[in-house]
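I have placed the structure first, in the form of structure tokens, so that the comments after it can refer back to it.
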Amino acid sequence: MDQTNHITLVGTLASRPEYSHTNHGRRFYTFQLEVARLSGAIDTLPILAPQSLLEQTPITDGECIHITGQIRSYNSRLLTGRRLVISVLAQTLTLCDMPHDNEVQLLGTICKEPSYRRTPLGREICDVMLAVNRPYQRADYLPCILWGRTAQEAAYYPVGTPLRLSGRMQSRNYIKLLGDRAEQRTAYEISVISAEIAE
């Protein structure tokens, strides 16, 4: 298992796979996976899977699926500006009958000044952008959110600090104001359970 960037998900298929793109002769498809939290809230996560994987395990709406893979990011250039697009690249995909699960392990480097704040209810939060290396001198840039004492500590980490994180991937809806109109969007981030400076 790759400890640099690894995610395990068990959830329910929420949308049928649709063609996304072809890369180096491989066709990729996207679909949405619904994963329940212990609180009962639902995270709806975007999955990217190669055609070969879907041919091995055909999937239909409502089925419970076990996925392992990596979290990937790329910059989408739109008319409204650049936007970081996050998805899960599936490396294994099987049908299952298991409780929902959402586990992330990342090893990367802080690439932007951490942003610390308190919520109106007094909860401490620190936003960290983590650069996670891929082969061939590429990297994924993954937004992470830390809480409580972990947030306090992360607030003082300088850019360039190597961090090892564990947590879960979550979805969050928000309203983006675009001039005279508002657009509902979904953000994806890693909700961090534990973090430590890597050796």
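Descriptive notes on the structure:
- In the stretch 16-134, inverting the average of 1/r over every pair of distinct C-alpha atoms gives 16.8 Å as the Kirkwood radius.
- Alpha-carbon Rg/Rh ratio, for the chain, with Rh computed the Kirkwood way: 0.97
- With every protein chain in place, the stretch 145-196: carbon and sulfur % of accessible area (1.4 Å): 48 percent
- Cα shape, the stretch 92-199, gyration tensor, a/c 1.5 rule: rounded
- Hz values of 3J(HN,Hα) by residue in the stretch 109-115 - Karplus curve (6.51, -1.76, 1.60), Gly and Pro given as x: 10, 5, 10, 8, 4, x, 10
- For the chain: relative contact order, % (alpha-carbon pairs under 8 angstrom, 6 or more apart): 19 percent
- DSSP beta bridges fully contained in the chain are about 95 percent antiparallel.
- Global geometry of the stretch 1-44, whether rounded, prolate or oblate, following the gyration tensor of its Cα atoms and the 1.5 cut on a/c: oblate
- Efficiency of FRET from Cβ geometry, residue 18 and residue 97, R₀ 45 Å, rounded to 0.05: 0.95
- The chain: calculated mean residue ellipticity at 222 nm from DSSP helix runs of at least 4, using -39500 (n - 2.57): -1500 deg cm²/dmol
The values are calculated or read from the model by the stated rules, or taken from the named source; none is laboratory data. Since this is a predicted model, take the numbers as computed values, not measurements. All Cβ positions, even for glycine, are placed from backbone atoms using ideal geometry, and neighbour counts span all protein chains on display. SASA here: full protein model, heavy atoms, side chains in, ligands and nucleic acids out. Shrake-Rupley method; radii C 1.70, N 1.55, O 1.52, S 1.80 Å.
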